[in-house]
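What follows draws every value from the coordinates through simple rules; no lab data is involved. Not measured: the values here are computed from a predicted model. Note: ideal-geometry Cβ built from the backbone for every residue, glycine included; neighbour counts use all protein chains shown.
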Amino acid sequence: MSKEVFTLKQVAQSIRKTLESRYDRSYWVKAEIYKLNLFQSGHAFPELVQRTDGKIVANLNGVIWKTNYLKISKQFEAEVKEPFGEGKEMLMLIKITFSEVYGLSLQISDIDPSYSLGALHKLKLETIETLNKLGILQKNQLLSFELPKRIAVISTKSSKGLSDFMQVLTSSSHKFGVNTFLFNATVQGDQAVDSILSALQKIERLRNYFDAVVIVRGGGAEVGMSCYDDFNLCKRIAEFPIPIMCGIGHSTNLTVAEMVAFSHAITPSVLASDLLQVFELKLFELQNFISSLTRAQIRLLTNSKNTFNQTVSKINGVTKWRFERIHNHLKRLELQSFEETKRTLNSRQDIISSFSLVIHRLVNRSQQQEYHRHTMLKQQLVFTLERELVRKNTNLDSFEKQVQLMSPMAILARGFAIARSNGKAIQSKNALHQGALIQIELIDGTAEAEVKST
């Protein structure tokens, strides 16, 4: 029995003729560009796939000639605001062709950008919904935010946005002591997600050295922004242990990354201004606190001076009153002694006349006794007054020393210091955490310190 034998070319020609007769027009096909395969000639030979549940269920090669590629990429970028490239699902106008040498391919002549635009919007909504279900949509915004003196910057080194950000920030860096460290990364387009995630991973390993993270990119054309709606990137930002701020330079729809970040600004310059505003507000609060402290110190000194003057006045009044009282008492004693002597002399006049010598002696002795008694009373008065004055002066000196010791400046002068965190005096080490900044007030000024361990 003879065999009918065909050449490979005959088989290929038969397939081509069959396909040409069966698929004689163009078709709209939706598929994902898995690999673009753009050559220097300007022609592209994309690998098209269809996924179901994450698995590739169909895979065909396509071709976009240079003229069509320029038209398609320009139209896609103008409407979708994304570069025409890999990883995007598109609706393409294709014609099925077959070559005896190159095999089957789908010749792409046009696209429908609105389909891709809808797919990107759907991706954004799905990202928001998933983050909301996980309960982390506002997690980064709930972090505590201290003065951002050490900032990790994620940006492209040559970015105009980075230049604008640094120009505004460094204008006051000498005033507030702000330090930045650049983590160079791609911040737009298809490679941005992996690049920014890699930078965040490096920053997290050094999180104790930074107070905040900023992501900045240049303004201008809003192309390549879909990366900021990527679920993995947005989830990482939401769960990041340090506040993240975005200044990605656009003014239309808000990206999911900006929604979940601690804060965002319309441009890198505005973001830098917002950061400086935090320092300005803290400086204003500190100045108000210093003014209040100064007023309180003046009030304390004034009250202490008034109390001291009142005490001195009271001591003088009491001393004068006691002296007058003793003086009056002595006068009364003297008058009583005189009256007593006079009465005795009058009643004993006969006896005195008879015994003038005896009376004279008795009078002399009585006068001596009274004089002695008067002298003793005077000495007792002087002693009492001197002792009272010494005691009052001692109490007065003690009170004056207490007033001086109560002064805040006297306390600081003895080597003590006042440690504050967030403007409040620290009363327990439990109020501190590693890496926290504290302010220390000394007799000749203030200083800052970082807590190494608690």
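Roughly what percent of Cα-Cα pairs across region 140-266 reach past 17 Å? Could you put the intermediate results ahead of the total?
Values: 4276 of 8001 pairs.
Counting every Cα pair in region 140-266, those more than 17 Å apart make up 53 percent.
Please arrange T130, T302 by how many other C-beta atoms lie within 10 Å of their C-beta, fewest to most.
T302, T130
Within region 21-79, which chymotrypsin sites (Phe, Trp or Tyr not before Pro) sit in a loop by DSSP and count at most 12 neighbouring Cβ atoms inside 10 Å? Display every interim value, and only then the final one.
Values: sites: Y23, Y27, W28, Y34, F39, W65, Y69, F76; in loops: Y23, F39, W65.
Of the chymotrypsin sites (Phe, Trp or Tyr not before Pro), the ones in loops of region 21-79 whose Cβ has at most 12 other Cβ atoms within 10 Å are F39.
Note the full-extension length gain between F181 and D397 as 0.36 nm times their separation in residues minus their Cα-Cα distance, in nm to one decimal.
71.8 nm
Using only Cα atoms, tell me the angle between helix 160-170 and the longest principal axis of the chain; keep it within 0 to 90° and round to the nearest 10.
10
Kindly provide the Kirkwood hydrodynamic radius of the chain in Å, to one decimal, from all pairs of distinct alpha carbon atoms. All intermediate terms of the calculation are to be shown ahead of the outcome.
Numbers: mean 1/r = 0.0315 Å⁻¹.
Value: 31.8 Å, from the Cα pair sum.
Got a sec? How would V213, V403 order by Cβ neighbour count within 10 Å, fewest to most?
Lowest to highest Cβ neighbour count: V403, V213.
Taking N as the number of residues in region 93-166, what is its alpha-carbon radius of gyration divided by 2.2 N^0.38 Å?
Expressed relative to 2.2 N^0.38 Å, the Cα Rg reads 2.05.
In the neighborhood of N364, defined by Cβ-to-Cβ distances under 15 Å, what is the net charge if each Lys or Arg adds +1 and each Asp or Glu adds -1?
Result for the neighbourhood of N364: +2.
Within region 322-344, list the residues whose amide N lies under 13 Å from a label point set 7 Å along Cα→Cβ of T384.
Hits in region 322-344 for T384 at 13 Å: 322-333.
Need the full-extension length gain, A449 to F39, defined as separation in residues times 0.36 nm minus the C-alpha distance. One decimal, nm.
141.8 nm
Give the calculated FRET efficiency between S291 and T67 to the nearest 0.05, with a Förster radius of 56 Å applied to their Cβ-Cβ distance.
Numbers: r = 73 Å, r/R0 = 1.30.
Result of the calculation: an efficiency of 0.15.
Relative to the longest principal Cα axis of the chain, at what angle does helix 8-22 sit, 0 to 90 degrees, rounded to 10?
Roughly 70 degrees, rounded to the nearest 10.
Treat region 285-397 as a sphere of radius equal to its Kirkwood radius over Cα pairs and apply Stokes-Einstein at 4 °C in a medium of 1.567 mPa s; give the translational diffusion coefficient in µm²/s, rounded to a whole number. Each step should come with its number before you reach the end.
Numbers: Rh = 19.1 Å.
It diffuses with D of about 68 µm²/s by this estimate.
What GluC sites (Glu not before Pro) in region 1-46 are in a loop by DSSP, with at most 16 other Cβ atoms within 10 Å of the Cβ?
Working: sites: E4, E20, E32; in loops: E4.
Those satisfying the criteria are E4.
I need two numbers for region 41-82: Rg to one decimal and Dmax as a whole number, Cα atoms only, in Å.
Final numbers for Rg and Dmax: 13.1, 36 Å.
Once you order the gyration tensor axes a ≥ b ≥ c over the Cα atoms, which shape class does region 374-442 get: rounded for a/c under 1.5, otherwise prolate or oblate by comparing a/b with b/c?
Prolate.
List, in order, the whole-Hz ³J(HN,Hα) value for each residue of region 300-310 obtained from phi through the Karplus relation with A = 6.51, B = -1.76, C = 1.60 and θ = phi - 60°; use x for Gly and Pro.
5, 5, 5, 5, 5, 5, 4, 4, 4, 5, 5
When the Karplus curve 6.51 cos²θ - 1.76 cosθ + 1.60 is applied with θ = phi - 60°, which whole-Hz ³J(HN,Hα) does each residue of region 97-107 get, with x for Gly and Pro?
Values per residue, Gly and Pro as x: 10, 9, 10, 4, 9, 9, x, 7, 8, 10, 7 Hz.
Measuring from centroid to centroid over Cα atoms, what is the spacing of region 269-342 and region 422-454 in Å?
About 34 Å separates the Cα centre of region 269-342 from the one of region 422-454.
Which loop chymotrypsin sites (Phe, Trp or Tyr not before Pro) in region 130-189, with loop taken from DSSP, have no more than 15 other Cβ atoms within 10 angstrom of their Cβ?
When the chymotrypsin sites (Phe, Trp or Tyr not before Pro) of region 130-189 are filtered for loop state and at most 15 Cβ neighbours within 10 Å, F145 remain.
What longest region of the chain stays clear of trypsin sites (Lys or Arg not before Pro) that DSSP places outside H, G, I, E and B and that have at most 12 other Cβ atoms within 10 Å?
Values: sites that count: K3, R25, K157, R414, K452.
It runs 158-413.
For a quick size check, give me the Cα extents of region 407-454 along its three principal axes, largest first, whole Å.
Each principal axis gives a Cα extent; for region 407-454 these are 31, 18, 17 Å.
For the pair S144/L281, report the inter-label distance in nm, with labels modelled 7 Å from Cα in the Cβ direction.
For S144 paired with L281, the spin-label model returns 1.7 nm.
If contacts are Cα pairs under 8 angstrom and at least 6 residues apart, what is the relative contact order of the chain in percent? Can you show the working numbers first?
Numbers: 626 pairs, mean separation 44.8, N = 454.
Relative contact order for the chain comes out at 10 percent.
Taking the Cα atoms only, what angle lies between the long axis of helix 113-134 and the longest principal axis of the chain, rounded to 10 degrees?
40
When the Kirkwood radius is taken over all Cα pairs of region 8-111, what Stokes-Einstein diffusion coefficient follows at 10 °C and 1.306 mPa s, in µm²/s?
109
Work out the FRET efficiency for I56 and A417 from their Cβ-Cβ distance, taking R0 = 60 Å, and round it to the nearest 0.05.
On the way: r = 68 Å, r/R0 = 1.13.
The value I calculate is 0.35.
What are the ³J(HN,Hα) values, in whole Hz, obtained from phi via the Karplus relation 6.51 cos²θ - 1.76 cosθ + 1.60 with θ = phi - 60°, for each residue of region 414-421 in sequence order, with x given for Gly and Pro?
7, x, 7, 9, 10, 9, 10, 9
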